[in-house]
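So the structure is just underneath, and the comments pick up after that.
We did not get these values from a lab; they are worked out from the coordinates using the rules stated. Given the structure is predicted, the values throughout are model-derived calculations rather than measurements. Note: ideal-geometry Cβ built from the backbone for every residue, glycine included; neighbour counts use all protein chains shown.
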Amino acid sequence: MEPIAVNPKAGKLKVAPEWADVCFTCGTCAGGCPVTGVDRMDPRKAIRMAALGLDQDLIDSRFPWICTMCGRCEYACPQGVEILKVMRRARGLRDRDKVPGPIHKGVVMCLEKGNNLGIPKDDFLFLLADLAREMDEEEGFPGFYVPVDKKGANLFVTINSKEPFGEPDDMKFWWKIFYAARESWTVASENWEGVNWGLFSGDDEAMKTIVGRIVDHMERLECSTLLLPE
Ligand code: SF4
Ligand code: SF4
């Protein structure tokens, strides 16, 4: 009898056939995974699916999206199976209109408008000036302002769009630290998003573009240190 081909290398998830033997189904990954059991999530099962060539089944399943990408499974795996890589690749192979939740919409918005929630530039700058005025009037922060596009600042600060959108006062926590530390810092007037949903949705191209924007800001403004909010 001909041996059964286990997941030819042309498989979408690029899992080498040897994995079927390498993974000895010990379950260490599942034991350490914080979401094992959620909607029947089981990283050991996910790896068996990939190793046995059930690529599309894994891509269509909820496993890759329940995974938090924490990496505990891979760290604990005695066989060095790249579980995390498989999960993320499976996310990337899902049709974009079937990506669960709002993250793909956020990616599209970020590419078009410069932040995940589509906050217009004028509204953003108005908000920064308004919050800065409030702080200036508070005791302990005389002369405070938000330095926008300041060339030569030490620290380039990216922002989680959730803050200007829904929790603007949270930005002041950082600003108060900068003020007290006499830090030289700045934010960008455009493309300031610090949460890269391309990473979470498995969209490598978008991820690269969004990271590239931050690199461009750092170079243009000659900043030496980057602060990411997440
Ligand atoms: S820990 Fe590694 S070897 Fe064990 S079941 Fe998970 S993937 Fe397979
Ligand atoms: S990376 Fe995903 S599968 Fe692995 S332990 Fe974390 S949540 Fe579980």
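Among the residues of the stretch 51-91, the one identified as under 13 Å from residue 25 (Cα atoms), more than 11 Å from ligand 2 (Cβ to nearest atom) and not in a loop (DSSP other than H, G, I, E, B) is 51.
For the stretch 119-230, please list each of the helices (runs of 4 or more DSSP H) lying entirely inside it that holds at least 1 residues being under 30 Å from residue 63 (Cβ atoms) and not β-branched (Val, Ile, Thr).
On the way: elements: 121-137, 162-166, 170-181, 197-201, 204-221.
Filter on the stretch 119-230 gives 162-166, 197-201, 204-221.
Considering the stretch 37-50, the residues that are more than 10 Å from ligand 1 (Cβ to nearest atom) and not in a helix (DSSP H, G or I) include one that is surrounded by the most Cβ atoms within 10 Å (Cβ to Cβ), namely 41.
Tally time: how many residues in the stretch 184-230 are on the phi > 0 side of the Ramachandran plot and surrounded by 20 or more Cβ atoms within 10 Å (Cβ to Cβ)? Quick ask: steps written out before the conclusion?
Filtering the stretch 184-230 for residues on the phi > 0 side of the Ramachandran plot gives 191, 202, 222.
In the following step, the residues that additionally are surrounded by 20 or more Cβ atoms within 10 Å (Cβ to Cβ) were identified as 202.
So the count comes out to 1.
Screening residue 158 on (1) farther than 18 Å from residue 228 by Cβ; (2) surrounded by 17 or more Cβ atoms within 10 Å (Cβ to Cβ); (3) touching a Pro at 6+ places or on another chain (Cβ under 7 Å) shows it passes everything except condition (1). Figure legend. Inter-residue proximity from the stretch 69-83: first residues under 20 Å from residue 199 (Cα atoms), second residues of a type in the set (Asp, Glu) and in a helix (DSSP H, G or I), beta-carbon distance below 7 Å, spacing 6+ or different chains. Indicated pairs: 82/74; 83/74.
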